[in-house]
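Shown next, in structure tokens, is the structure this report addresses.
Coordinate-derived values only; no laboratory data. These figures come from a predicted structure and were not determined experimentally. With ideal geometry, Cβ positions are generated from the backbone for all residues, glycine too; neighbour counts draw on all protein chains shown.
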């Protein structure tokens, strides 16, 4: 009997050039992402320094309350206690943000200023 050998078509081979190109592209993309994350070059062109004056209403009120404390020179002044959280929240919210008493009372009720 005659056997017929049927040759199947070989699967298309990827060319070496294409494999190298895809591998190089993947390495470049990953290397670029890592490089951007490590060196953050956009920070060369951005600034995040805020240089604003305190609103006049708060500055006047703060200087008026500071007048009641005896003044000491920085050289003779001892260490002072750090302000605690919530020490002057009512005053700051009233004078700096301009909230009225009803709104401040509501913030106290829900515990936002304590």
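Before moving on, here are some points about what is shown:
- Approximate spin-label separation residue 88-residue 6, in nm, with each point projected 7 Å along Cα-to-Cβ: 9.2 nm
- Here the simple spin-label model places points 7 Å from the Cα toward Cβ, and for residue 49 and residue 112 these points are separated by 3.4 nm.
- One decimal place: the segment residue 34-residue 102 gains 19.3 nm when fully extended, by the rule 0.36 nm per residue minus the C-alpha distance.
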